[in-house]
Amino acid sequence: MVVMAKGTRLSLGLAVLVLVGLAAACHQTAQSPQCVFETQPRAVLESIGLNATWDPRLAIDTAGTLYLFAVYDENSKSRLGLVQSHDGGDTLSPPMVPISDAGVSVGSHGEQSPSVTMTRGDIYALWQQSAKDGSETIMSARSFSWGENFDKPVQVSDKGALSYKGFPSIGVGPNGVVYAVWLDERDNTDSNADSSSVYLAKSADRGATFGQNVLVSEEACPCCRPSLAFGAHGEVFVAWRRVFPGEIRDLVVSASHDGGKTFATPVRVHDDGWKLKGCPDCGATLAESNGVLYIAWMTEGKEERPRIEFARSDDDGKSFTQPVDISGTILDPDHPNIKIADDGTLWLAFQGRAPTTNGNWSKTQAYLVQIPLRGAPSPPVSVPGSENSVAYPTIGLGSGGRIFLAWTQPQGDHSVVMLSRGRTKS
């Protein structure tokens, strides 16, 4: 594990990798994920003339169109954009549609990267960028044209709050209200200088404007992205890594039952007891389906062994089940990402290193875990062709059992985007 100081940038820009085609099976056993993936990934954004790209996000609409969001280099500035595929990832339709403004840099390093969500063809993006006065702001942009173009970005964070802001997440509730959460240091004093606050803002006009910034909680780990999920009855769930007394950094969840105006006392998901003077740069991944709230996170607490834990709540986040270690023998597991398929099955990707017996360090690669409804998680399996220093794998799920994976990967002195397609086996 690497502990990164807040605001540091990776020395090597990592790029996004998207894997396409189908050939190699996952390492099938009776309990392994039932899926088949292609053997080799492709640097698909290079095909449309983009060489330095990183931090992908994926979405698939009901027609099967694949939406690939990524940060790319434009005149030495980091810009967020979108490209589509109408043939299941065989080809991408240029050009890259810009989302953020030209001439300003999108903050994108580590977990500090843009967040996107898509619902009924409406697309919303959220990111951090530096203002002219040197402070950071949280910005958002929307598209009502299936990503053909985006409206001019609007500012989400309060204009008068000159403080560090970053690690944003965006989501849309069942009622169409758009929510944004992020980490903010406007409340910092000498006594809590090593932590941040979690703030939330919402838009009731489909992202045209965002309202008052609401304090969710203080004492948040300053480089672990907060996450959002929504219940069927208007609940808004926010998860973050909290700094408990004694430098303990465990996950908590808080629920709002009034549309994000107020939040309940945070519930500790599990007493991991991870004592760390520094930020691990790894937040939780959160999802809700049919009244069940799911959460996965990385910890090294108590056992002093890095692992990905998974738990669920059947009572709107008031309590959580005993966590299950879903990373098994994988070394250095990190950055889990959950998506829920139409049948309720959970698919979780994370990065990690293959176990070795000779003491050598293998390169990070993408791993996949299948979690059936009410069933036990499968053992993690590696995604074919991902054995090349993968970072921040993300999932997109389509109809018909289609699975897409994307991640960031170095290539020479820059990073590139690659895409992998898979299918579930019946």
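What do you get when you divide the Cα radius of gyration of segment 205-265 by 2.2 N^0.38 Å, with N the number of residues? Can you show the working numbers first?
Numbers: Rg = 13.0 Å, N = 61, 2.2 N^0.38 = 10.5 Å.
Here the Cα radius of gyration is 1.24 times the empirical estimate.
In whole Hz, what ³J(HN,Hα) sequence does segment 256-263 give by Karplus (6.51, -1.76, 1.60; θ = phi - 60°), x for Gly and Pro?
10, 10, 10, x, x, 6, 9, 10
I need the Debye-formula profile for segment 204-355: one equal scatterer per C-alpha, no solvent, reported as log10 I(q)/I(0) at q = 0.19 1/Å, two decimals.
Once normalised to I(0) and log-transformed, intensities are -1.21.
Going highest first, how would you order 33-41, 206-214 by mean Cβ packing within 10 Å? Numbers along the way, then the final one.
Values: 33-41: 21.2, 206-214: 16.2.
Most protected by this proxy first, the peptides run 33-41, 206-214.
Going by C-beta contacts inside 10 Å, put Ile338, Ile248 in order with the fewest on the left.
Details: Ile338 22, Ile248 16.
Going from least to most buried by this count: Ile248, Ile338.
On full extension of the chain, what length is gained from Ser130 through Gln155, given 0.36 nm per residue of separation minus the C-alpha to C-alpha distance? Write out the running numbers ahead of the final one.
Details: separation 25, 0.36 × 25 = 9.00 nm, distance 1.15 nm.
My answer for the length gained is 7.8 nm.
List the chymotrypsin sites (Phe, Trp or Tyr not before Pro) within segment 341-399 that DSSP assigns to loop and that have no more than 13 neighbouring Cβ atoms inside 10 Å.
Numbers: sites: Trp347, Phe350, Trp361, Tyr367; in loops: Trp361.
Taking segment 341-399 and a limit of 13 other Cβ atoms within 10 Å, the loop chymotrypsin sites (Phe, Trp or Tyr not before Pro) found are Trp361.
Can you pull the Rg over Rh of segment 379-426, Cα-only, Kirkwood?
So for segment 379-426, dividing Rg by the Kirkwood Rh gives 1.02.
Please work out which option in (i) 75, 52, 48; (ii) 63, 46, 45; (iii) 53, 47, 42 gives Cα extents along the principal axes in Å calculated from these coordinates, and answer with its label.
(iii)
Only residues of segment 380-400 count here: report those whose backbone N is under 11 Å from the spot 7 Å along Cα→Cβ of Arg423, or say none.
Taking a point 7 Å out along Cα→Cβ of Arg423, the residues of segment 380-400 whose backbone N falls under 11 Å are 400.
Tell me, how many Å apart are the Cα centres for segment 214-253 and for segment 68-141?
Measuring centre to centre over Cα atoms gives 25 Å.
Largest first and to the nearest Å, give the Cα extent of segment 266-380 along each principal axis.
Sorted from largest, the Cα extents of segment 266-380 read 45, 33, 20 Å.
For Lys302, which lysines qualify as cross-link partners when the Cα separation must be under 18 Å and same-chain residues fewer than eight apart are set aside?
Once the sequence-local lysines are set aside, what remains near Lys302 is Lys275, Lys277.
Can you give the three extents of the C-alpha atoms in segment 137-290 along their principal axes, from longest to shortest, in whole Å?
49, 39, 27
Quick one: length gained pulling Thr262 to Thr356 fully straight, 0.36 nm per residue minus the C-alpha distance? Let's see the in-between values first.
Details: separation 94, 0.36 × 94 = 33.84 nm, distance 4.83 nm.
Separation in residues times 0.36 nm, less the Cα-Cα distance, equals 29.0 nm.
With a cap of 13 neighbouring Cβ atoms within 10 Å, and only residues DSSP puts in a loop, list the trypsin sites (Lys or Arg not before Pro) found in segment 95-204. Mind dumping the intermediate values first?
Details: sites: Arg120, Lys132, Arg142, Lys159, Lys165, Arg186, Lys202; in loops: Arg120, Lys132, Lys159, Arg186.
Sites meeting the loop and neighbour criteria: Arg120, Lys132, Lys159.
Just to be sure I understand: with springs between alpha-carbon atoms less than 10 Å apart, which residue in Ser169, Ser196, Ser130 has the highest mean-square fluctuation in the Gaussian network model of the chain?
Ser130
May I ask you to derive the FRET efficiency for Ala102 and Phe144 from their Cβ-Cβ distance with R0 = 22 Å, giving the value to the nearest 0.05? List each step's numbers first, then the result.
Numbers: r = 21 Å, r/R0 = 0.97.
Using R0 = 22 Å, I get an efficiency of 0.55.
So which trypsin sites (Lys or Arg not before Pro) in segment 217-314 pass both tests, a DSSP loop state and at most 13 other Cβ atoms within 10 Å of the Cβ? It would help to have the intermediate numbers written out before the result.
Working: sites: Arg241, Arg242, Arg249, Lys261, Arg268, Lys275, Lys277, Lys302, Arg307, Arg312; in loops: Lys261, Lys277, Lys302.
Here the trypsin sites (Lys or Arg not before Pro) that fit, given the DSSP loop and packing criteria, are Lys261, Lys277, Lys302.
Each value in this text was obtained by applying a stated rule to the coordinates, not by laboratory testing. Given the structure is predicted, the values throughout are model-derived calculations rather than measurements. Here Cβ is always computed from backbone atoms with ideal geometry, including for glycine, and neighbour counts include all displayed protein chains.
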